Amino acid sequence: MSDYDSIIIGAGHNGLVCAAYLARAGQRVLVLEAAAEPGGLAATREFHPGFRVSVAHTLHHFSRKIVQELGLTKHGYQPGELMNTTGLSADGQHVSIKGNLVKGVSSADAEAFSEYQAMLQKFAAALEPFWMKTMPRIGKNSLKEMLTFAQVGLKLRLLGADDMREFFRVASLPIRDLMDENYDSDILKAVLSWDAVIGSTQAPRSPNNTVLSMLYRMTGESGGAHAIPAGGMAGLVNALAAAAESQGVELRYGSPVKSIAVEGDENGQRATGVVLGDGERLTAERVISATDPKRTFFDLLGARHLEIEFTNRIRRLRTDGQVAKLHLALSGLPNFSGVDQPDGRLIIAPQMDSLEFAWDDAKFGRLPEQPALEVLIPSLREPGLAPTGQHVLSAHVMYVPRSLEGGWTETAKAELQGKVMQTLAQYAPGIEDLVLHAELLTPQDLEEQWKVTGGHWHHTELAMDQMLMMRPTYEAAQHSTPIPGLFICGAGCHPGGGVMGGPGHNAAGEILR
Ligand SMILES: Cc1cc2nc3c(=O)[nH]c(=O)nc-3n(C[C@H](O)[C@H](O)[C@H](O)COP(=O)(O)OP(=O)(O)OC[C@H]3O[C@@H](n4cnc5c(N)ncnc54)[C@H](O)[C@@H]3O)c2cc1C
């Protein structure tokens, strides 16, 4: 008999979700995590004595279905209060959004925003069933699988003819066109574009799926608004780990998996367990990888076990991340000009072209002349993240290429940090004097330390050719893989990344089917 029914590689939030569902169904489950703590990119860690932070810093579409089914509230999860998002302007004329209300724009823009936002939320709700279901396999559809499409088709139809027409018209528009059609305020347009492009190799003018990405992020009860859960991101991660353990899941930290064990020959192979970094071998009926597809198939399994066509499809996946992360330990609260309290998300991208130009630099492998930033001071919500009276600043930095011309030398990192600090200082004069310690994580650092290929937000670019039943590629889009006994459940699976839990939930559903 195998040591376990399922071994899961990686205790990121998707690995934990998958583990909890499988154990709830009676399986003996072991989760092996390389890091010292759970959560993957959402893990909270000390980056300077007394100062703690997580790479992923807000929640905005974590699945309420998972919260209910895994009883996360009982395990300490409490969604935080929804945040303001403020678009900063150099002249202090900031634009502030809370829910479907916006301040700092003309009354025409304010009215258009409330109306159009409500429309987008209807579209997002119609798409919601799509994200929490396995995508049907192309060409081999059972009645149940066909019903997945029928259900979404019906939801869209129920929008009514006009709204449905509008949905199909806008779904593949560049976000810039949608913004220009609806609003006049440059800052409002840039702030709203942020959630359409962050984490991707697309900017406001890019055709493809920026509107769809924004709708994906608007799923759930907050309609796309961001929050920090009680206890910080650790509040969610700890609740997931506790929910898994309460179902009998064994969690082992500091246990990197070196390889996936495969038995058989050219007539048939099967994943039978894993080999750990220290040489220990563990067997299981199935191995489920919560790491990214390239790492799973190339580093842990080995291309020698795969057909060349499949290998090529995985090799071709676009996995270069474009977001860096800055963490500052601050001796006090910075003063952002014209902002009473720097609570919530502060976006530094005064117009859509601020994003476009930063992308123009990055797509040619250069540092952005003027980086665009999403700044958060999580210690204002969770004082325990910093010593009393001191603060943590956490900033997403766009666009920062994984493959920088000349490589990520210490000089290149220092140059980027200088540019980010200069940009911050334009809006928060004197902030440099508060800095006790700075940590800048490039996509390469995220790749090396968080073990995510390319340091990519979604593990694998979320673009039309890598979405839905093509995610990560169509032979692995139902979580099973060409190797029997090997499954995948991380952000590189449908529906994608962000701390939302869909991939882990859907993988468990397939395995238990
Ligand atoms: C800079 C940045 C900022 C982000 N900010 C946000 C945000 O604010 N809000 C949001 O919703 N999303 C954000 N995201 C996206 C989000 O963090 C990810 O999409 C999500 O956390 C992925 O979760 P996961 O469980 O699929 O994988 P991961 O979190 O990557 O977890 C995978 C786990 O596998 C482990 N692992 C890898 N290899 C091995 C091995 N060989 N053996 C054992 N363990 C292994 C890793 O250590 C890791 O713990 C951000 C992403 C980035 C890059």
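Figures for the structure shown
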| read-out | value |
| --- | --- |
| Which listed residue is in contact with a helix residue (DSSP H, G or I) (Cβ under 8 Å, 6 or more places away or on another chain) and surrounded by fewer than 22 Cβ atoms within 10 Å (Cβ to Cβ), from I175, I138, I228 | I138 |
| Positions within region 47-68 being part of a helix (DSSP H, G or I) and more than 16 Å from the ligand (Cβ to nearest atom), in sequence order | K65, Q68 |
| Helices (runs of 4 or more DSSP H) (entirely within region 406-513) containing at least 1 residues that are away from the ligand (no atom under 16 Å from the Cβ) and free of Cβ contacts under 8 Å to residues at least 12 places away in the same chain | 410-427 |
| Test result for R315, out of contact with any Lys or Arg (no Cβ under 6 Å at 6 or more places or on another chain), closer than 24 Å to T73 by Cα and loosely packed, with under 15 Cβ neighbours inside 10 Å | no |
| Unique match (being within 16 Å of the ligand (Cβ to nearest atom), in a strand (DSSP E or B) and in contact with a strand residue (DSSP E or B) (Cβ under 9 Å, 6 or more places away or on another chain)) among S96, S6 | S6 |
| Residue match in region 288-298 (condition: more than 27 Å from the chain's Cα centre (by Cα), over 13 Å from G10 (Cβ atoms) and not acidic (D, E)) | no |
| Count of region 447-466 residues which are among the aliphatic types (A, V, I, L, M) and buried (at least 23 other Cβ atoms within 10 Å of the Cβ) | 2 |
| Candidates T411, T423, filtered to the one that is surrounded by 17 or more Cβ atoms within 10 Å (Cβ to Cβ) and on the phi < 0 side of the Ramachandran plot | T423 |
| Condition check for R313: of a type outside the set (A, V, I, L, M, F, W, C) and over 24 Å from W194 (Cα atoms) | yes |
| Hey, R45 surrounded by fewer than 23 Cβ atoms within 10 Å (Cβ to Cβ), on the phi < 0 side of the Ramachandran plot, within 21 Å of the chain's Cα centre (by Cα) and modelled with pLDDT under 95 or not | no |
| Residue within region 197-219 that is assigned to a helix (DSSP H, G or I) and touching a strand residue (DSSP E or B) at 6+ places or on another chain (Cβ under 7 Å) present | no |
| P368 being within 16 Å of the ligand (Cβ to nearest atom), touching a helix residue (DSSP H, G or I) at 6+ places or on another chain (Cβ under 6 Å), touching a residue at least 12 places away in the same chain (Cβ under 8 Å) and part of a loop (DSSP other than H, G, I, E, B) | yes |
| In region 9-30, the residues that are within 9 Å of the ligand (Cβ to nearest atom) and part of a strand (DSSP E or B) | I9, G12 |
| Test: residue in region 343-362 that is at pLDDT below 95 and in a loop (DSSP other than H, G, I, E, B) | yes |
| Conditions (1) without any contact (Cβ under 8 Å) to a residue 24 or more places away in the chain; (2) among the aromatic types (F, W, Y); (3) over 25 Å from T85 (Cβ atoms); number of the one not met by F357 | (3) |
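Table: residues versus (1) aliphatic (A, V, I, L, M); (2) free of Cβ contacts under 8 Å to residues at least 24 places away in the same chain; (3) within 30 Å of C18 (Cβ to Cβ).
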residue	(1), (2), (3)
L88	yes, no, no
G92	no, no, no
V95	yes, no, no
V105	yes, no, no
S114	no, yes, no
Q121	no, no, yes
A126	yes, no, yes
P129	no, no, yes
M135	yes, no, yes
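The values are calculated or read from the model by the stated rules, or taken from the named source; none is laboratory data. All values reported here derive from a predicted model rather than from experimental measurement. Neighbour counts run over all protein chains shown; Cβ positions are idealised from the backbone, glycine included.
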